[in-house]
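The values are calculated or read from the model by the stated rules, or taken from the named source; none is laboratory data. All of these numbers come straight from a predicted model, not from anything done at the bench. Every residue, glycine as well, gets a Cβ built from its backbone with ideal geometry; the counts of neighbours run over all protein chains shown. These area figures cover heavy atoms from the full protein model, side chains too; ligands, DNA and RNA do not enter into them. Shrake-Rupley method; radii C 1.70, N 1.55, O 1.52, S 1.80 Å.
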Amino acid sequence: MQSVITTKFETTEFAGLTTKIINPQESPFTVLDMTIKPGFGAPAHISEEEDKLFVLLEGQVKYLVGDQTGVAGPGSRILVPRGVVHGFTNEGPADARHILVSTPRRHEEFFRDLHRIPEPREQHMDMLPTIAARNGQRIVGPLP
C-alpha cells in the first residue's frame with residue numbers, strides 16, 4: 001500500500017449528518033469525520049461485519065451500545081464490536097462532531113449510497129432498508 005497525502009475530502013450529506021470521507025484511498029479501515037445537527041443521528045442498527053470506534057470531538061452525543069445508553073462529551077471514545085446494536089443522537093443545542101473509524105474498510109460506501117438518494121430524500125426513505133442491507137447494516141430501532 002502506498003502512502004498518499006490527501007488535502008481534499010469527499011463529503012456526503014444525509015438526514016442531518018455531514019460526513020467527510022477522510023481516507024478515500026485503499027486502506028484496511030474507513031475513517032469518517034461526521035458533523036451531526038442537533039436532534040439528528042443514526043438509528044439503532046447492527047453492523048454485521050465491522051468493528052467501530054467513535055471519538056467525540058465536539059458537542060454532547062447520546063450513544064447506544066448494546067443495552068446501554070449514555071451521553072458523552074468531547075474526548076470520549078466509544079467502541080462498538082461488530083454485531084452489537086448501536087446508534088447515536090446529538091443531544092446538544094449546536095452541531096456535534098465525531099470521528100468514526102471502522103474495520104474492515106467499507107462503511108464509506110454506505111454514506112455514498114445514502115447521499116445518492118434522490119431529492120427530496122424524505123420522499124424516498126423506503127430505499128433505506130435496501131441500502132442498509134447492501135452495506136452490511138441492519139436498522140433495528142429509532143434514534144437513541
Residues of the stretch 28-37 satisfying the condition of being touching a residue at least 60 places away in the same chain (Cβ under 8 Å) and surrounded by 14 or more Cβ atoms within 10 Å (Cβ to Cβ): Phe29, Thr30, Val31, Leu32, Asp33, Met34, Thr35, Ile36
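Got a sec? Which of Leu128, Leu114 is under 13 Å from the mean Cα position of the chain (by Cα), in a helix (DSSP H, G or I), buried (at least 18 other Cβ atoms within 10 Å of the Cβ) and of a type outside the set (D, E, K, R)? Lay out the reasoning, then the answer.
Values: Leu128 fails: under 13 Å from the mean Cα position of the chain (by Cα).
Answer to the check: Leu114.
Which one of Gly41, Gly73 is among the small types (Gly, Ala, Ser) and free of Cβ contacts under 8 Å to residues at least 60 places away in the same chain?
Result: Gly73 is the single residue among Gly41, Gly73 that is among the small types (Gly, Ala, Ser) and free of Cβ contacts under 8 Å to residues at least 60 places away in the same chain.
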Within the stretch 97-111, tally of residues that are open to solvent by less than 30 Å² (accessible area, probe 1.4 Å) and either under 15 Å from Phe9 (Cα atoms) or part of a strand (DSSP E or B) (or both): 5
One residue from Gly39, Gly70 being in a loop (DSSP other than H, G, I, E, B) and either closer than 21 Å to Pro129 by Cβ or of a type outside the set (Lys, Arg) (or both): Gly39
Restricting the stretch 16-27 to residues that are open to solvent by 40 Å² or more (accessible area, probe 1.4 Å) and assigned to a strand (DSSP E or B), the residue that is nearest to Asn90 (Cα to Cα): Thr18
Some residue of the stretch 44-53 being over 21 Å from Ala132 (Cβ atoms) and either free of Cβ contacts under 8 Å to residues at least 40 places away in the same chain or in a strand (DSSP E or B) (or both): no
Selection from the stretch 38-96 of residues that are of a type in the set (Lys, Arg) and either open to solvent by less than 60 Å² (accessible area, probe 1.4 Å) or under 18 Å from Thr19 (Cα atoms) (or both): Lys52, Lys62
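Can you give me the number of residues within the stretch 88-127 that are within 18 Å of Glu26 (Cα to Cα) and without any contact (Cβ under 8 Å) to a residue 60 or more places away in the chain? Before the answer, list the steps.
Our first condition is that a residue be within 18 Å of Glu26 (Cα to Cα); within the stretch 88-127, this holds for 100-112.
Of the ones still in play, those that are also without any contact (Cβ under 8 Å) to a residue 60 or more places away in the chain are 109-110.
Residues flagged as within 18 Å of Glu26 (Cα to Cα) and without any contact (Cβ under 8 Å) to a residue 60 or more places away in the chain within the stretch 88-127 amount to 2.
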Residue under evaluation Glu119, criteria (1) under 17 Å from Thr11 (Cα atoms); (2) touching a His at 6+ places or on another chain (Cβ under 8 Å), criterion not met: (2)
Set Val80, Val84: member being over 13 Å from the mean Cα position of the chain (by Cα), among the hydrophobic types (A, V, I, L, M, F, W, C) and modelled with pLDDT of 90 or more: Val84
